[in-house]
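Input: a single structure, listed below in structure tokens.
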Amino acid sequence: NNIERYSNYVNNLFVVVSDRDPRDLYIHEIQIPGGVIPIDTIENFCNWYKITRNHRKYETFEDNRIFIYFEDLIYKYDETSQKLKNFVGLSSENHIRKKQVFNPQVSINNTRMWLRHPECKKEIEYIEKNLGEYLYDYESLGLQ
């Protein structure tokens, strides 16, 4: 979460920053605990999320840096993969295993996970209230 610092150590560093909706991140972590994400309380999770994403407020994503949502790789696969190919300088011919290594039809199961966990309704509402600026915009896709 500190691209500027890494740029001091690597010449011509290209960085792809990918993030996902905090509601899914929370659900994933409670399903498979043991990572570094604090889930002991929803307040701690939200505070951690804000602190670790604070750099977005001052970092720019241009030239050798790009930001993409995990969800865009699924719901906007062609557009996002083209954006990534342009970023790293690949042509369409270089994309020889399209949807084989990363298959959006499989990974879609890792999105909107909170809808399958009604037992976390209060926590999800808290995330929506406190991390609204980081939520993925499903409404633009016609989804809620």
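The values are calculated or read from the model by the stated rules, or taken from the named source; none is laboratory data. Because the structure is predicted, anything quoted here is derived from the model rather than measured. Cβ placement follows ideal geometry from the backbone for every residue including glycine, while neighbour counts extend to all protein chains displayed. Quick note on the areas: whole protein, heavy atoms, side chains included, nothing else; ligands and nucleic acids left out. Shrake-Rupley method; radii C 1.70, N 1.55, O 1.52, S 1.80 Å.
When all C-alpha to C-alpha distances in the chain are sorted into bins of 5 Å, what percent of pairs does each bin hold, rounded to whole numbers?
Per 5 Å bin, starting at zero, the Cα-Cα P(r) for the chain comes out as 2, 8, 16, 19, 18, 17, 13, 6, 2, 0 percent.
Any of Lys99/Lys129; Lys57/Lys129; Lys98/Lys129; Lys98/Lys121 with alpha carbons more than 29 Å apart? Name them for me.
Flagged as over cut-off: Lys99/Lys129; Lys98/Lys129; Lys98/Lys121.
Ignoring any ligand, DNA or RNA, what whole percent of the accessible area of the chain comes from carbon and sulfur when the probe is 1.4 angstrom?
Carbon and sulfur together cover 48 percent of it.
Ignoring ligands, DNA and RNA, what accessible area per residue does the chain give at 1.4 Å, in Å²?
64 Å²
May I ask for the longest run of the chain untouched by chymotrypsin sites (Phe, Trp or Tyr not before Pro) that are loop-located per DSSP and have at most 10 neighbouring C-beta atoms (other than their own) within 10 Å?
59-144
Could you give the size of the charge dipole of the chain about its Cα centre, using +1 on the Cβ of each K and R and -1 on the Cβ of each D and E, expressed in debye and rounded to the nearest 20?
Values: 19 positive and 22 negative charges, 62 e Å.
Its charge dipole is roughly 300 debye.
Can you show me the helix-derived [θ] at 222 nm for the chain, built from DSSP H runs with n ≥ 4 at -39,500 (n - 2.57) apiece and divided by the number of residues, rounded to the nearest 500.
After summing the helix terms and dividing by residue count, I get -11000 deg cm²/dmol.
What does the extension gain come out to for Asn54 and Lys122, with contour length at 0.36 nm per residue minus their alpha carbon separation?
Extending this stretch completely gives an extra 22.0 nm.
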